[in-house]
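Participant: Take a look at the following structure, please.
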């Protein structure tokens, strides 16, 4: 362990080469936690690609374990969620048994965070369309949540980063008003520029809004036994439940 990582080191498997979410993750982490990234190179964002990439994910986890990180986080909800909640749990158990290190996914961090926030009835928002959203919804239902809807903003996978925060805000608010009774809003995916509107959405909608990056930061701190709140990015990091 280097002196820069005196609180621990997390290895992350990044699904794509898109910039943004890694920088946000590092920016929100407390000082003293090191980050070692490796990349998969997902491009098309199709269900077939998500199914086919699991062997590559396991190889990247092997690589990070060999580097001696304290914690391993294969990012990217879709490759795990489409296998179901139990299917994901089986894969995580396999990785942890092989390497003797804690492993968490985007899905597990988000399930834990929603439960910590006391949310049981969710509205999901994604940047996918079609039947794959039904599989995301089923994952959360299997995890014990009531999913009012899993709505996708219509945008090509390659163009997700071109959406403005204002377009994303407007879409989320419209869908929230269409689905009364949601106790929280769940945002799937780290590629879109939605981090800076989390607090604004929570203020306007009066419910927790869960973005993958704060969930990732919260779950990392939790597993490394660190507790350092961060303000400006939603209740999860401000309250550290």
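Participant: Of the residues that make up region 118-137, is at least one part of a loop (DSSP other than H, G, I, E, B), farther than 24 Å from residue 53 by Cβ and free of Cβ contacts under 8 Å to residues at least 40 places away in the same chain?
Facilitator: At the first step, the residues of region 118-137 found to be part of a loop (DSSP other than H, G, I, E, B) are 118-120, 127-131.
Narrowing the set further to residues that are farther than 24 Å from residue 53 by Cβ leaves 118-120.
Of the ones still in play, those that are also free of Cβ contacts under 8 Å to residues at least 40 places away in the same chain are none.
No.
So that you can scan it fast, the table gives a plain yes or no per residue for (1) closer than 25 Å to residue 240 by Cβ; (2) touching a strand residue (DSSP E or B) at 6+ places or on another chain (Cβ under 6 Å); (3) at pLDDT below 95; (4) buried (at least 22 other Cβ atoms within 10 Å of the Cβ):
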site: 79; (1), (2), (3), (4): no, no, no, yes
site: 82; (1), (2), (3), (4): no, no, no, no
site: 94; (1), (2), (3), (4): no, no, no, no
site: 107; (1), (2), (3), (4): yes, no, no, yes
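Participant: Is it the case that region 213-223 has a residue that's part of a loop (DSSP other than H, G, I, E, B) and either within 15 Å of the chain's Cα centre (by Cα) or modelled with pLDDT of 95 or more (or both)?
Facilitator: So the first thing to find is which residues in region 213-223 are part of a loop (DSSP other than H, G, I, E, B), and the list is none.
No.
Participant: Moving on. Only one residue in 196, 159 is in contact with a helix residue (DSSP H, G or I) (Cβ under 9 Å, 6 or more places away or on another chain), within 27 Å of residue 12 (Cβ to Cβ) and in a helix (DSSP H, G or I). Which one? Reasoning before the result, please.
Facilitator: Details: 159 fails: in contact with a helix residue (DSSP H, G or I) (Cβ under 9 Å, 6 or more places away or on another chain).
Residue meeting the stated conditions: 196.
Participant: Scan 144, 232, 184 and give me the residue that is buried (at least 19 other Cβ atoms within 10 Å of the Cβ) and farther than 20 Å from residue 45 by Cβ.
Facilitator: 184
Participant: Another one. Being in a loop (DSSP other than H, G, I, E, B), more than 12 Å from residue 184 (Cα to Cα) and touching a residue at least 12 places away in the same chain (Cβ under 8 Å) is the requirement here; does residue 107 meet it?
Facilitator: Details: in a loop (DSSP other than H, G, I, E, B): no; more than 12 Å from residue 184 (Cα to Cα): yes; touching a residue at least 12 places away in the same chain (Cβ under 8 Å): yes.
So residue 107 fails the test.
Participant: For residue 232, indicate whether it is part of a loop (DSSP other than H, G, I, E, B), on the phi > 0 side of the Ramachandran plot and modelled with pLDDT of 95 or more.
Facilitator: Spelling it out, residue 232 is indeed part of a loop (DSSP other than H, G, I, E, B), on the phi > 0 side of the Ramachandran plot and modelled with pLDDT of 95 or more.
Participant: Could you please give the count of residues in region 11-28 that are within 15 Å of the chain's Cα centre (by Cα), under 20 Å from residue 67 (Cβ atoms) and outside any strand (DSSP E or B)?
Facilitator: Number satisfying all stated conditions: 4.
Participant: Hey, among the residues in region 38-71 that are assigned to a loop (DSSP other than H, G, I, E, B) and surrounded by 14 or more Cβ atoms within 10 Å (Cβ to Cβ), which one's modelled with the lowest pLDDT?
Facilitator: At the first step, the residues of region 38-71 found to be assigned to a loop (DSSP other than H, G, I, E, B) are 40-46, 53, 68-70.
Next, from what is left, pick out any that are surrounded by 14 or more Cβ atoms within 10 Å (Cβ to Cβ): 40, 42, 45-46, 53, 69-70.
Numbers: 40: 95, 42: 92, 45: 88, 46: 91, 53: 95, 69: 97, 70: 97.
Selected residue: 45.
Participant: Also, I was wondering about something else. Six or more apart or on different chains, Cβ atoms under 8 Å: show the pairs whose first residue is in region 205-217 and surrounded by fewer than 24 Cβ atoms within 10 Å (Cβ to Cβ) and whose second is at pLDDT 95 or above and part of a strand (DSSP E or B).
Facilitator: 205/185; 207/184; 207/185
The values are calculated or read from the model by the stated rules, or taken from the named source; none is laboratory data. Being a predicted model, the structure only gives us computed values, none of them experimental. Please note: Cβ atoms are built from the backbone with ideal geometry, for glycine as well, and neighbour counts cover all protein chains shown.
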